[in-house]
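A.B. asks: Below: one structure in structure tokens.
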Amino acid sequence: MRRHWLARNGGQQLTLVFGGWGLGAVPFAGLIGAGDVLVVDDYRALDDPLREVSQYDGIRLLAYSFGVAAAAHWLSAHTLRLQRLVAVNGTLCPADETHGIAPETIAATAHGLSAASFARFCCRVGHAGPIPRIDVAAAQAELRAIAQRGGAPQTEFDRIWISQHDRIIPTRAQQAAWQAQSCAVRRLRAAHQPFAAGQNWQDWFA
């Protein structure tokens, strides 16, 4: 997995973020109000133990988009005590006709990926800033690895956010995926990428 430290001040509290596909740490760069913040992405493999997180007294984890399944897979193999676990616009079944994105859609996205198609993806996501650079071959391999890995183990989240205007992981698929944890669900009037500069991290963990 790839690491992006947004803040590293030597404190004892860590916000650990499992980001989505393609955008890296960009969606989270303007959020405020946390201690140290580590964003991880690139889920071609999930065997990185992230040893640096063990130094913290308190850890809260936010998983976004494909990062939701990745985080659940990772947590099933690594012991980590969390103060709070939150999912945003993702499910435990990333490549799934009814509970995620249709597998053929993921395959077609990987097959046809280019700088131009990625720019269109960013627009559908709701990303308003400059288009991040993308390593096409690595991004294709990541999509294929996510689809091949399949669904993640059942994981209980403290809060689950679902955007009402999600054009990436359909809102109806997310609602179906989280029926068993419906008490934790809150809805957002937003696109797939709901984060914005000036938002407080604490609001996402509420």
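The values are calculated or read from the model by the stated rules, or taken from the named source; none is laboratory data. This is a predicted model, so every value here is computed, not measured. When we count neighbours, we look across all protein chains shown, and the Cβ atoms used for this are built from the backbone with ideal geometry, even at glycine. SASA here: full protein model, heavy atoms, side chains in, ligands and nucleic acids out. Shrake-Rupley method; radii C 1.70, N 1.55, O 1.52, S 1.80 Å.
A.B. asks: In segment 146-173, which residues are over 28 Å from Ser117 (Cα atoms) and in a strand (DSSP E or B)?
C.D. replies: Residues satisfying the conditions are Arg159, Ile160.
A.B. asks: Could you tell me whether any residue of segment 104-114 is within 25 Å of Trp161 (Cα to Cα) and in contact (Cβ under 8 Å) with a residue 60 or more places away in the chain?
C.D. replies: Checking segment 104-114: not a single residue is within 25 Å of Trp161 (Cα to Cα) and in contact (Cβ under 8 Å) with a residue 60 or more places away in the chain.
A.B. asks: Kindly indicate whether any position in segment 168-180 is basic (Lys, Arg) and without any contact (Cβ under 8 Å) to a residue 40 or more places away in the chain.
C.D. replies: yes
A.B. asks: Would you confirm, using the coordinates I've provided, whether Ser117 is touching a strand residue (DSSP E or B) at 6+ places or on another chain (Cβ under 9 Å), modelled with pLDDT of 95 or more, open to solvent by less than 40 Å² (accessible area, probe 1.4 Å) and of a type in the set (S, T, N, Q)?
C.D. replies: no
A.B. asks: Can you name every residue in segment 114-148 that is of a type outside the set (Val, Ile, Thr) and under 20 Å from Ala45 (Cα atoms)?
C.D. replies: Of everything in segment 114-148, those that are of a type outside the set (Val, Ile, Thr) and under 20 Å from Ala45 (Cα atoms) turn out to be Asp135, Ala137, Ala138, Ala139, Gln140, Ala141, Glu142, Leu143, Arg144, Ala145, Ala147, Gln148.
A.B. asks: Looking at Asp42, Asp57, Asp48 in this structure, which one is at pLDDT below 95 and over 20 Å from Ala190 (Cα atoms)?
C.D. replies: None of the other options fit; the residue is Asp57.
A.B. asks: If you don't mind, there's one more thing I want to ask. Just a yes or no: is a residue in segment 161-184 touching a Lys or Arg at 6+ places or on another chain (Cβ under 7 Å), charged (D, E, K, R), within 16 Å of Thr91 (Cβ to Cβ) and open to solvent by less than 70 Å² (accessible area, probe 1.4 Å)?
C.D. replies: no
A.B. asks: Turning to a different aspect of this structure: In segment 23-36, what count of residues is obtained for those that are within 23 Å of Glu142 (Cα to Cα), part of a loop (DSSP other than H, G, I, E, B) and touching a residue at least 40 places away in the same chain (Cβ under 8 Å)?
C.D. replies: Going through segment 23-36 one residue at a time, the tally reaches 3.
Quick grid of which residues meet (1) assigned to a strand (DSSP E or B); (2) under 17 Å from His4 (Cα atoms); (3) open to solvent by less than 30 Å² (accessible area, probe 1.4 Å):
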| position | (1), (2), (3) |
| --- | --- |
| Leu38 | yes, yes, yes |
| Arg44 | no, yes, no |
| Glu52 | no, yes, no |
| Leu62 | yes, yes, yes |
| Gly67 | no, yes, yes |
| Ala70 | no, yes, yes |
| Leu75 | no, no, no |
| Leu80 | no, no, no |
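A.B. asks: What about Gly20, is it part of a loop (DSSP other than H, G, I, E, B), open to solvent by less than 40 Å² (accessible area, probe 1.4 Å), at positive phi and not acidic (Asp, Glu)?
C.D. replies: no
A.B. asks: For residues that are in a helix (DSSP H, G or I) and without any contact (Cβ under 8 Å) to a residue 40 or more places away in the chain, scanning just segment 120-145, find the one that is surrounded by the fewest Cβ atoms within 10 Å (Cβ to Cβ).
C.D. replies: Result: Ala137.
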